[in-house]
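Report on the following structure.
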Amino acid sequence: MKKYVGQRIKRQEDPRLITGEGRYVDDLEFPGTLYLAILRSTVPHAKLNRVDVSDALKINGVVDVITGLKFKVENRPDNFPMASTELLYVGQPIAAVLSTDRYSAYDALDSIQVDYDVLPSVIDPEESLKDQKRAIEGKSNIAYKKTYSSGNPEEKISSSDVKVEEKIEINRVYPSAMEPRGILSIYQPDLLTIYASTQSPHYMRRYLLDVFGSMVKDIRVVQADVGGAFGSKLFPYAEDYIAVYSSLKTKRPVKWIATRSEDIRTTYHGRGQIHKVKFGVNKDGSLVGINDQLVIDLGAASHGTYLADISATMLPGPYKIKDIVVDVYGVYTNKTPLDQYRGAGRPEATFVIERIMDIAADEIGMDPLELRKKNIVRETPYINPFGLKYDNGDYLNLFEKAEKAFRGLEERESVLRSEGRRVGAGFSFYLEQNNFGPWESASVRVRGDGKVIVIIGASPHGQGTATGIAQIVADELGIDINDVEVVWGDTSLIGEGYGTYGSRSLTLAGNAALIASRKVKDKAIRLAAQFMRSDVQELKYDDGKVINPKSGESMSLREIAAKSMSTLGGTWNYKEEPGLEGTAYFGLDNLTFPYGSHMALVEVREDGLLNVLEYYAIDDIGTVVNPMLAEGQVMGGVLQGYGEATSEEVIYDKEGNLLTGSFAEYGILTAMEAFNIKWEYLEKGKSAAPLPAKGIGEGATIGTPPAVVRATEKALNKRITRLPMRLSSVI
Amino acid sequence: MKVIEPDQKTKIHLKINGKDYETEVEPRRLLVHVLRDLGFTGVHIGCDTSNCGACTIIMNGKSVKSCTVLGVEADGSEILTIEGLAKDGKLHPIQEAFWEKHALQCGYCTPGMIMESLWFLSQNPNPTEEEIREGISGNLCRCTGYQNIVEAIKEASTKMKANPK
Ligand code: FES
Ligand code: FES
């Protein structure tokens, strides 16, 4: 019986967080902790000659200073986690001070002398592509080159009615989790315990053991409360390796907490793509061919290349385009390395294809929604030209619902425009790809008092997944949700797990929990058969009880648990193994593909800033476990997407100095620029999971930028091909 | 006037959430660190440019970003932090409303946001949506898009009017 799934259930996570009792990593104290402060490169590119730490060591409280630390970690710079020969970007670690107090640790940084020779730097990714000046000495700037090709786009474009060329730029952004990164590493012989602000403690353990496995037997990673991540806290960073090494070296607990300025310089930036597109469209609206040259600005390391692969393969989006080629170039620059940020490759792909749709419509003088409809995929499953198998969905159905709403916005648009106001309505349709695997784990354990604890391998950090999974388990076991507690984020609690990223947790961990609950039910039946002296076949589990329909006898889950635990001592006289636990690992053999539409009505004010007058989104994400949580993801994601479209941009000057090095310069939005969002959902495109959810963590950051840009473009009557829009240069 | 050398510590008295504390601090130590050292870790740090408001507390009846105040400047003050807001295990209406309206996700901005709302509603018990948005514009939230925070503050204002203390 479904009592909880589908309901707006209040979060179990909140009572701690609204009373100040959250435990983020900097809130955890351990006796004897040393504070780690890191000296960082202030120049984008230089040859590092010498680091002199002798004065720093004299400072009261300073216990140790570490320089030249070097580990081999795949895809990371040679100079990792510290620069020893070459400085590659502003913010790269050079030396680490360990002190008994945070303030003196930072004091000591000022006493370290660094001798370096500045080298020419490479900042502009298109400049980098020419491979004349080198971003990393002795290496080609072109770190990655791949071609995705299908059909014959050149021929199709040249024979099309209208040919268009555009350069579409998507700037770098900073994920901006409100809690900066941090780690506390606690030393014991043979065992390190690490508390971290991370999206994946299990993965972090594996990463760290790769490097430190010869120095310590095991590493237990515990995810502290995490103040947001948005993809940026998935992979261990240089500072994590430095902190862990420091605690092994000093045999003391070591804590490192980023200041905001450090976080902006070092937490991997996101997006950073340039697409030079050529496409052909026929007068009837069919988009016949696309040629895209994609340049991704990797910064000073190559771990972000997969984002370009996602963008390239998702470029066709929900449209039937067959003839398409994407030439991918990953280039080094002297900037903070690039990696995933909420959406990870799909917002970029969607921005490009949705811009193409609007521009194509403008070029042939067709309504952009009609043009999209002409090209939309009408049957699923559908294999896209690069081999992605779009799963289940009725795109046209959602599209038509969205269209109705959008025509309403257009009416308001024309009324306001007739009053002389600079107003525009913009529409986007997007296809998302999520549930990045391979699988997730969950263990459901009934305690003697009938309370149920659910351990999940996913590691939510604000999404409210624990509440959603409690809903699933409570429904499946037919018990009160307040008897279910979901815990996560500790590598010692469950054998293995992955984490929370790629909009996967509710579907993968939720289904693991569902299957584990079913195992518990089976076990409850077998135990009850012993206690009730019935045949297993006669019994069934229903609504929190094992019942014998023939005799009318029943035992609740709580009673079965209590009876299993009733006496201490004595013997176990039943022919069934004691214990009411089930563990399951769940994976899907394909990614899931939710979809949706975003619509904005905006006004460009006198002062050149934007006002959003109306915003509406509609998504199909399969079964929605908790609409309140899903809506929360959309609201937050829309504002991030809006920030990316309007004000957020990591800016370096030509010399490679970071101009947006703090929250005073980097424009994350306040409640003043924010606006109200109306959200609806459909549940038609279900996934193949037993609980057929998909995921909504990232959808809104994908759907928002193209809708807002289109709306602004219409308000101003000027084509916009750049994120953020930099309106002052457009008006 | 007492002169304190840079590396010398000085004793300060604070009344925090109704209890008296005495502690020795370096003159340069920020109030936010002093409070956190005393165990009030609900006071968060989200920036180093006084932009985010995660560290917001009530000091002598006014909302203050505690990263902009030195511990020594706060000597003798009365301070309310998020930890002191619930009374006898009963949540404050603003806390209730944040829970009810899903006004938090990661919760990192939440203590500061709630303390700022407390101050704001004390100044403007009957705010419009615009006024609420302006009232919390010094507090950044990256997760929620603010919509539910605004809703929660609206709801709290209604409840607080119905049940004035
Ligand atoms: S910590 Fe950001 S304003 Fe105080
Ligand atoms: S809830 Fe995460 S920053 Fe506000």
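The values are calculated or read from the model by the stated rules, or taken from the named source; none is laboratory data. This structure is a prediction, so every number in the text was calculated from the model and none was measured. We place every Cβ from the backbone using ideal geometry, glycine too, and count neighbours over all the protein chains shown. Only protein heavy atoms, including side chains, enter the accessible area calculation; ligands, DNA and RNA are left aside. Shrake-Rupley method; radii C 1.70, N 1.55, O 1.52, S 1.80 Å.
Couple of notes before you dig in:
- Listed conditions (1) out of contact with any helix residue (DSSP H, G or I) (no Cβ under 9 Å at 6 or more places or on another chain); (2) without any contact (Cβ under 8 Å) to a residue 24 or more places away in the chain are all met by A:L87, apart from (2).
- For the stretch B:65-99, filtering for residues that are of a type in the set (D, E) and within 16 Å of ligand 1 (Cβ to nearest atom) leaves 1.
- Candidate set from the stretch A:686-719 (those that are in contact with a Leu (Cβ under 8 Å, 6 or more places away or on another chain) and part of a loop (DSSP other than H, G, I, E, B)); member that is surrounded by the most Cβ atoms within 10 Å (Cβ to Cβ): A:G695
- If the condition is being over 28 Å from A:N611 (Cα atoms) and part of a helix (DSSP H, G or I), then the stretch B:85-114 contributes B:P93, B:I94, B:Q95, B:E96, B:W99, B:E100, B:P111.
- Of all residue pairs spaced 6 or more apart or on separate chains, those with beta-carbon atoms under 7 Å, a first member in the stretch A:708-722 that is more than 12 Å from A:D358 (Cβ to Cβ) and a second member that is at pLDDT below 95 and surrounded by fewer than 21 Cβ atoms within 10 Å (Cβ to Cβ) are A:L716/A:V730; A:L716/A:I731; A:K718/A:V730.
- Filtering the stretch A:537-558 to residues that are surrounded by 15 or more Cβ atoms within 10 Å (Cβ to Cβ) and without any contact (Cβ under 8 Å) to a residue 12 or more places away in the chain leaves A:I547, A:S554.
- Among residues of the stretch A:34-67 being open to solvent by less than 60 Å² (accessible area, probe 1.4 Å) and part of a loop (DSSP other than H, G, I, E, B), the one that is farthest from the other protein chains (Cβ to nearest Cβ) is A:H45.
- Residue within the stretch A:68-85 that is in contact with a strand residue (DSSP E or B) (Cβ under 7 Å, 6 or more places away or on another chain) and outside any loop (DSSP other than H, G, I, E, B) present: yes
- Candidate set from the stretch A:10-33 (those that are touching a helix residue (DSSP H, G or I) at 6+ places or on another chain (Cβ under 6 Å) and not in a loop (DSSP other than H, G, I, E, B)); member that is surrounded by the most Cβ atoms within 10 Å (Cβ to Cβ): A:I18
- Residue within the stretch A:196-206 that is free of Cβ contacts under 8 Å to residues at least 60 places away in the same chain and either more than 16 Å from ligand 2 (Cβ to nearest atom) or aliphatic (A, V, I, L, M) (or both) present: yes
- Residue within the stretch B:98-120 that is away from ligand 2 (no atom under 14 Å from the Cβ), free of Cβ contacts under 8 Å to residues at least 40 places away in the same chain and crowded, with 21+ Cβ neighbours inside 10 Å present: no
- Count of residues meeting criterion [within 16 Å of ligand 2 (Cβ to nearest atom), more than 17 Å from the chain's Cα centre (by Cα) and of a type in the set (S, T, Y)] in the stretch B:121-165: 2
- From the list A:K146, A:K133, the lone residue that is surrounded by 14 or more Cβ atoms within 10 Å (Cβ to Cβ), over 26 Å from A:E262 (Cβ atoms) and in contact with a strand residue (DSSP E or B) (Cβ under 7 Å, 6 or more places away or on another chain) is A:K146.
- Of all residues making up the stretch A:177-231, the number that are within 14 Å of another protein chain (Cβ to nearest Cβ) and not β-branched (V, I, T): 18
- Test: residue in the stretch A:503-525 that is closer than 30 Å to A:P368 by Cα and either surrounded by fewer than 24 Cβ atoms within 10 Å (Cβ to Cβ) or modelled with pLDDT under 95 (or both): yes
- Checked against (1) away from ligand 2 (no atom under 16 Å from the Cβ); (2) closer than 18 Å to A:G22 by Cβ; (3) in contact (Cβ under 8 Å) with a residue 60 or more places away in the chain, B:K15 passes all but condition (2).
- The set of residues from the stretch A:267-284 being under 17 Å from A:Y332 (Cα atoms) and among the aliphatic types (A, V, I, L, M) comprises just one member, A:I274.
- Any hit, the stretch B:35-46, residues being closer than 19 Å to A:R260 by Cβ, away from ligand 2 (no atom under 16 Å from the Cβ) and in contact (Cβ under 8 Å) with a residue 24 or more places away in the chain: yes
- Candidate set: the stretch B:48-78, residues that are within 16 Å of ligand 2 (Cβ to nearest atom) and either modelled with pLDDT under 95 or open to solvent by less than 10 Å² (accessible area, probe 1.4 Å) (or both); chosen: the one farthest from B:K15 (Cα to Cα): B:C52
- Of all residues in the stretch B:79-97, those satisfying the criterion of being open to solvent by less than 40 Å² (accessible area, probe 1.4 Å) and either within 16 Å of ligand 2 (Cβ to nearest atom) or within 11 Å of chain A (Cβ to nearest Cβ) (or both) are B:T81, B:I82, B:G84, B:L85, B:A86, B:L91, B:H92, B:I94, B:Q95, B:A97.
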